Every structure is written in structure tokens, then in C-alpha cells.
1. Across region 156-168, what is the number of residues that are touching a residue at least 40 places away in the same chain (Cβ under 8 Å) and either touching a strand residue (DSSP E or B) at 6+ places or on another chain (Cβ under 9 Å) or on the phi > 0 side of the Ramachandran plot (or both)?
2. With respect to the numbered conditions (1) out of contact with any strand residue (DSSP E or B) (no Cβ under 8 Å at 6 or more places or on another chain); (2) part of a helix (DSSP H, G or I), which one is the sole condition not fulfilled by residue 12?
3. Which of the following residues is touching a Leu at 6+ places or on another chain (Cβ under 8 Å) and not in a helix (DSSP H, G or I): 213, 228?
4. If a residue has to be in a helix (DSSP H, G or I) and out of contact with any Asp or Glu (no Cβ under 9 Å at 6 or more places or on another chain) to count, how many in region 17-37 make the cut?
5. Could you list all residues from region 362-376 that are modelled with pLDDT of 90 or more and more than 15 Å from residue 28 (Cβ to Cβ)?
6. If you take the residues in region 228-255 that are of a type in the set (D, E, K, R) and under 22 Å from residue 39 (Cβ atoms), which one is nearest to the chain's Cα centre (by Cα)?
7. Checking residue 358 against (1) among the small types (Gly, Ala, Ser); (2) over 30 Å from residue 1 (Cα atoms); (3) out of contact with any helix residue (DSSP H, G or I) (no Cβ under 6 Å at 6 or more places or on another chain): exactly one of these is not met. Which one?
8. Between a first residue in region 237-256 that is touching a residue at least 60 places away in the same chain (Cβ under 8 Å) and more than 20 Å from residue 12 (Cβ to Cβ) and a second residue that is in a loop (DSSP other than H, G, I, E, B) and basic (Lys, Arg), which pairs have beta carbons less than 8 Å apart while being 6 or more apart in sequence or on different chains?
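The values are calculated or read from the model by the stated rules, or taken from the named source; none is laboratory data. These numbers were taken from a predicted model, which means no experiment stands behind them. Cβ placement follows ideal geometry from the backbone for every residue including glycine, while neighbour counts extend to all protein chains displayed.
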Amino acid sequence: MKICVVTSTRADFGLLSGLMHRLEDSEDMVLQVVVTGSHLLQDFGDTLREVEDAGFVVSWKVHAISHALTGADMSKQVGMGVVGFTEGFLALSPDVVVILGDRYEMLSAAIASFFLGVPILHIHGGEVTEGALDDGIRHSISKFSRVHAVAAQDYADRLIRAGESPEFVHVVGGLGVDEIQRVELLTKANLEAELGISLSGISFLVTYHPVTAGAHHSLEEMSHLTRALDSFPEATVVFTMPNADPEHQVIWDEIRKAVDAHGESWKFFASLGQQKYLSLAAAVSAVVGNSSSGLTEVPSLKTPTVNIGPRQKGRLQAVSVINCSPVKEEIRDALHRAISPTFEKKVRRTENPYGEAGATEKIVKMLRNINFKNLGPKVYYDLPSIQGSQMS
């Protein structure tokens with residue numbers, strides 16, 4: 001069986017790499033890798049090299065999708081991406097396409113798969129992120145998909161309420177938790193040597209993506225964030241690059257200005273790679289920003305998360321997550337709370353709502369046990385109570 005895995009960013013590849021290795025090592029499945037999005041952009045760290053350095057052979061590249069400056073760019077690139085993915089899937093003839101998450105690049109892959117009649121296994125569906133356009137994209141991909149591997153029971157219930165058949169909605173846990181177990185974390189000394197930083201005192205790992213839904217002002221938000229971080233002059237601050245959504249350039253420019261103004265204590269990396277990112281997330285005083293990893297993975301590392309703004313609103317959260325608005329005083333107060341001894345004790349008792357390790361093996365089992373070639377037409381599933389009320 002040919003399993004085609006689509007990856008578009010360093011983030012989704014970090015989550016998928018363990019599954020990809022598992023599929024590659026399998027005797028009864030053939031891994032196909034389709035790469036698109038920011039993987040193919042030099043400015044975003046040329047993360048295609050991370051895919052290839054991990055030992056994977058890229059089966060197809062979809063160049064039509066790149067960084068978007070406006071919503072119009074995203075719309076046009078989704079259309080061009082459908083063409084690119086259609087050509088790729090026709091050439092590769094996969095039996096199943098594996099899509100993770102909610103990026104607009106993935107919407108192109110889902111549309112192409114759907115019209116070609118190739119079943120989709122969607123990972124991390126059913127989640128809610130009210131502060132991002134990704135929310136609508138995620139739900140759209142779920143409706144194109146036949147089989148779902150979700151991170152928690154709440155997400156499975158949401159998909160079933162939306163008409164997905166319980167037979168094809170499987171709770172597997174979060175893939176990020178698997179990666180924490182799979183990846184050998186670097187020691188603090190090795191991190192300091194490789195990144196040229198000091199982790200002896202207070203330290204923050206910061207990732208801030210554009211807010212793409214609702215009222216937002218990226219320049220003002222970044223100003224508040226950097227000024228809040230200035231309240232900790234002794235701290236080491238490490239920034240990673242925002243994703244390729246509209247207004248990423250504004251955030252990128254502000255990060256560079258702030259880093260240039262702070263000498264060696266503030267650093268910026270286009271891409272850390274999975275091992276260094278997770279190692280750093282485990283070593284710092286707090287993970288800061290609005291990345292999903294702060295909610296889905298970092299709690300398993302027993303590190304506090306300061307989650308800023310509405311981008312992740314709606315996701316399940318551990319007790320190690322502190323929410324605040326993108327306002328200097330609120331961010332500063334949240335950071336003080338995160339590094340306090342009282343909160344540190346609370347974080348040590350954290351249970352990650354995205355479960356324990358094991359998602360990868362559960363997904364592999366799904367791929368083996370489900371007859372993807374004989375699924376039949378997709379039928380909308382009505383909850384029994386709804387059926388009963390309609391009949392009465």
C-alpha cells in the first residue's frame with residue numbers, strides 16, 4: 001500500500017517524522033513524501049534539507065504554494081496548489097494521502113485528493129483555534145477526509161457531531177508527545193554550545209505567528225511582546241521564525257530589530273529543527289507566544305507556557321498554560337507568574353490533555369486494518385438523538 005505523506009512546514013514535519021520513519025521501515029507499506037510550502041523557501045530556513053537529512057526521499061514537490069502576504073495570495077495559491085497536487089498524485093498514484101492539521105497548503109492537497117478519489121487520513125482534526133483562519137481550513141479538510149486520527153476524545157466528539165462516522169474517528173493522542181519520547185534531547189551544555197547562548201539564568205523560547213482571524217495588529221502586538229520581555233533584562237531570549245501567513249514579514253522585521261538591539265542575550269533562528277527545538281523547550285524557563293506546540297507538546301516537558309492572544313483559543317489546555325492578551329503589562333505579569341516557584345510546583349504535576357506516547361503506532365495500525373480501497377461512498381452520520389427527533 002502506497003502511503004503519501006504531505007508536509008509543508010518545519011512544524012508539521014516535526015510531528016510527522018516519527019510516523020514517516022515507521023512507514024518507511026514497514027514491509028507492507030511504501031512511503032511517498034510530497035513537499036510544499038515554506039520547506040521550499042530559503043528565507044524560512046530551507047527546511048527541505050531537514051526532510052532530506054532525516055533520510056527521506058522526496059517523491060514530489062509542489063512549488064506553487066509559498067509565503068502569502070495577503071488573503072488574496074492565499075486564495076490564489078490554494079488554486080495553484082490544487083493543480084500542483086493533482087499532478088503529483090496522478091504521477092504517484094497513492095492509496096492513501098496523510099494530511100496533518102490545518103494549513104492552507106493542506107487544503108489544496110485535500111481538494112486534489114478528494115476529486116481524484118484518493119482517501120484521506122486526517123490527523124489532528126476536530127480541534128478549535130478561534131484566532132486563525134486555520135480553524136475553518138481544518139474543519140474543511142475533515143469533511144474531505146474519510147478517516148480521522150484525533151488527539152483527544154473531545155475532538156472526536158466534535159467530528160462526530162459534525163457528521164463524521166464514529167467508525168472512522170479514532171482517538172490516538174498527540175503526535176508531538178510521541179516525538180518527545182522518540183527524540184534524544186540535548187543536554188543544556190550542548191545546547192549552549194550549539195546555539196551560542198547561556199541557559200544559566202532566566203530564559204524564554206518565543207514563537208509568535210500572525211493572528212489571521214478577528215481584530216489584530218501584528219506590529220503593535222510585537223511591540224508589546226518585546227517590551228514585556230525587556231522587563232527581564234537578565235534573560236536569554238530565543239526567537240524562532242513565524243509561519244508564512246500574511247503579516248509574517250512584519251513580525252520577522254520586529255524580531256530582527258529587537259535581536260539586533262540586545263546583543264548576545266537575544267537570538268533569532270529561522271529553524272531550530274525538532275531536536276534542538278524540543279531540547280530548548282525543555283530547558284528554558286518558559287515557552288512564550290502563540291504556537292500550538294506550547295499547548296500540545298510543551299506540557300509533556302514540564303515547562304510553563306505563556307500563551308498570548310486568541311490564536312489558540314479553543315484548544316484543550318494543561319494547567320501549565322497561562323493565557324494573556326497581547327498587552328505589555330499582561331504578558332509581563334504572565335511571565336513573572338510562569339517563572340515563580342509556586343507555579344513551578346504546579347507545572348511539575350502537569351498532565352498533558354493530548355495523552356501519552358503511542359499515537360504513531362495507533363495510526364500505523366489504522367492504516368493496516370482499514371480497507372481504504374473498499375470504503376464506499378462517504379455518508380453523513382446523524383447522531384441518534386437527532387435521528388429520533390427528526391422521525392417524531
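1. 4
2. Only one criterion is unmet by residue 12, namely (1).
3. Just one listed residue meets the conditions, 213.
4. So the count comes out to 4.
5. 362, 374, 375, listed by residue number.
6. 245
7. (2)
8. Correct list of pairs: empty, since none qualify.
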